[in-house]
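One structure below.
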Amino acid sequence: MQPMNLPDLPTRERLITTAARLFRRNGYHATGLAELLTAAQVPKGSLYHHFPAGKSDLAMAAADWTAAQFMRIMDDAFVPAPDFQQGATTLCHKLAKLFDLLEAADACPISALLFDGPEGEPFRTHADVTFRRLTGHLAAHGARLGLGPQAAADQAELLVMAIQGAWTIARARRSSDLLRALPARLFLR
């Protein structure tokens, strides 16, 4: 989920991808506006032109962008899968590889944006909507792969919860092994 070459991106996308990277790496509060604007190579007025509420609006847009990237990874894992278990296994391996590429120092790409941000109902609501969107996306794959509606919803929610927890523990251990081992632990027979 690294941004493209910045000069190739329109200003709004440059701000979003840079914010996603910096908020994920440093946290919302530890990322200053000057640092963000310098990294995005945009003037201050551009931030408020595209995000009138400033940094908080940008954080929500960055979370949406990150969720869209995550759904692409889900699709890459589940579309060719013969069943939900294989899709989940592939997804966890892809996330372990992403974790390694991010050098294990980054927080969960979505929670780092939404839970480290300003306290308040808009951020909590946006976090809930984002995680429900991810869970619904996985549930649609589960239904397509033959799970009944309730089983697809349950499996999707369990997988999102497990990935969130595994990412956090993997971050503490600085090892992606837990993400790779997650499917075997989830699908014990």
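The values are calculated or read from the model by the stated rules, or taken from the named source; none is laboratory data. Fair warning: this is a prediction, and the values are worked out from it, not measured in the lab. Positions of Cβ are generated from backbone atoms using ideal geometry, with glycine treated the same way; all protein chains shown enter the neighbour counts.
Mind checking which residues of the stretch 49-72 are farther than 14 Å from A20 by Cβ and surrounded by 14 or more Cβ atoms within 10 Å (Cβ to Cβ)? Once the filter is applied, which keeps residues that are farther than 14 Å from A20 by Cβ and surrounded by 14 or more Cβ atoms within 10 Å (Cβ to Cβ), the stretch 49-72 yields H50, S56, M71. With the condition kept exactly as written, say whether any residue in the stretch 12-22 is farther than 30 Å from T135 by Cα and either among the charged types (D, E, K, R) or surrounded by fewer than 18 Cβ atoms within 10 Å (Cβ to Cβ) (or both). No, because not a single residue in the stretch 12-22 is farther than 30 Å from T135 by Cα and either among the charged types (D, E, K, R) or surrounded by fewer than 18 Cβ atoms within 10 Å (Cβ to Cβ) (or both). When T31 is tested against (1) β-branched (V, I, T); (2) assigned to a helix (DSSP H, G or I); (3) buried (at least 21 other Cβ atoms within 10 Å of the Cβ), exactly one condition is not met: (2).
Within the stretch 35-45, none of the residues are more than 28 Å from A156 (Cβ to Cβ), among the acidic types (D, E) and touching a His at 6+ places or on another chain (Cβ under 9 Å).
Among the residues of the stretch 119-157 satisfying the criterion of being hydroxyl-bearing (S, T, Y) and surrounded by 14 or more Cβ atoms within 10 Å (Cβ to Cβ), which is farthest from A68 (Cα to Cα)? Give the derivation first.
Looking only at the stretch 119-157, we keep the residues that are hydroxyl-bearing (S, T, Y), and these are 125, 130, 135.
Checking the rest, the ones that are also surrounded by 14 or more Cβ atoms within 10 Å (Cβ to Cβ) come to 130, 135.
Numbers: T130: 10, T135: 12 Å.
Within the stretch 119-157, the match that is farthest from A68 (Cα to Cα) is T135.
Among the residues of the stretch 66-83, some residue qualifies, meaning at least one is assigned to a loop (DSSP other than H, G, I, E, B), free of Cβ contacts under 8 Å to residues at least 60 places away in the same chain and not aliphatic (A, V, I, L, M).
In the stretch 84-113, the qualifying residues are those that are in contact with a helix residue (DSSP H, G or I) (Cβ under 9 Å, 6 or more places away or on another chain) and not in a helix (DSSP H, G or I), and the one that is modelled with the lowest pLDDT is P109. On inspection, D75 does not qualify as modelled with pLDDT under 90 and within 26 Å of P183 (Cα to Cα). The C-beta contact set for the stretch 114-142 (first residue among the hydrophobic types (A, V, I, L, M, F, W, C), second residue modelled with pLDDT under 90 and not in a helix (DSSP H, G or I), distance under 6 angstrom, 6+ apart or interchain) comprises F123/G117. Among residues of the stretch 152-174 that are more than 11 Å from L134 (Cβ to Cβ), those with a Cβ under 7 angstrom from a residue that is assigned to a helix (DSSP H, G or I) and of a type in the set (G, A, S), sequence gap 6+ or separate chain, pair up as A152/A139; A152/G142; A152/A143; A153/A139; Q155/G142.
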